[in-house]
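Here's the structure, in structure tokens; my notes come after.
The values are calculated or read from the model by the stated rules, or taken from the named source; none is laboratory data. As the structure is a prediction and not an experimental result, all values here were calculated from the model. For neighbour counting, all protein chains shown are included, and Cβ atoms are generated from backbone atoms with ideal geometry for every residue, glycine included. Note: areas computed on protein heavy atoms with side chains; ligands, DNA, RNA excluded. Shrake-Rupley method; radii C 1.70, N 1.55, O 1.52, S 1.80 Å.
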Amino acid sequence: MSKELIAKAAEVIKSETAEWRDGTCTLALIDEAGYPTASTMSVIKSKGIGELKFSTGLDSNKARRIQKCNRASVCLNSSNYNITLVGTIEILTDPKTKKEMWNAYCEEYWTGPDDPDFCVLRFTTERYNLWLGTEGAEGIL
């Protein structure tokens with residue numbers, strides 16, 4: 001059953017990603033004082049439930065927090081599902097990744113993929129807790 005739920009969760013994430021909606025999920029990070037903080041983010045790309053990518057600025061609180069502690073959690077939820085992922089997050093600034101991730105959403109905040117403030121966040125799932133409809137599963141990827 002877990003494989004089926006993981007596949008369903010991946011489809012939910014993919015559908016949220018495809019619609020480019022603002023704030024499709026919550027990204028939780030540890031702040032400078034050691035407290036959890038949560039930000040609403042949009043997933044730009046995903047590979048199943050194993051990898052999600054976001055965009056932000058290098059000068060943002062998120063980037064500063066990730067530089068100090070790379071542990072993170074992502075939650076996507078609605079009345080029909082709750083997908084909670086726990087893992088690590090990293091900041092990517094290489095030109096190839098930035099160009100691959102560039103989209104219309106990014107144009108609102110940065111001048112282009114070469115903008116020195118534009119960066120990509122890559123979240124890698126280590127464990128999950130899924131609830132879709134009436135079924136649930138938790139595990140380690």
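Quick notes on this structure:
- On the chain, 48 percent of the accessible area sits on carbon and sulfur atoms, based on a 1.4 Å probe.
- The simple Förster model, with R0 at 41 Å and r as the Cβ-Cβ distance, assigns Ser78 and Tyr35 a FRET efficiency of 0.95.
- Gain in span if fully extended, Glu100 to Ser60, counting 0.36 nm per residue against the direct Cα distance: 12.3 nm
- When the surface is traced with a 1.4 Å probe over the full set of protein chains, Ser46 keeps roughly 40 Å² accessible.
- Under 24 Å from the Cα of Lys8 - lysines, other chains or at least 8 residues apart: Lys45, Lys47, Lys53
- Projecting the Cα positions of Ser39, Leu29, Leu5 onto the charge dipole of the chain (unit charges on Cβ atoms of Lys, Arg, Asp and Glu, taken about the Cα centre) puts Leu5 furthest along the positive direction.
- Per residue value of the accessible surface for the range 1-136 (all protein chains in place, 1.4 Å probe), Å²: 53 Å²
- Net charge of neighbours whose Cβ lies under 15 Å from the Cβ of Ala10, counting Lys and Arg as +1 and Asp and Glu as -1: +1
- Sequence of Arg122, Arg64 from largest to smallest accessible area, 1.4 Å probe: Arg64, Arg122
- Cα-based shape type of the range 1-117, given that a ≥ b ≥ c are square roots of the gyration tensor eigenvalues and the cut on a/c is 1.5: oblate
- Net charge over other residues, Cβ less than 15 angstrom from the Cβ of Pro113 (K, R count +1; D, E count -1): -2
- Top of Lys45, Lys68, Lys53 by mean-square fluctuation, Gaussian network on the chain, Cα under 10 Å: Lys68
- Environment charge of Glu51, counting only residues whose C-beta is closer than 10 Å and scoring Lys/Arg +1, Asp/Glu -1: +4
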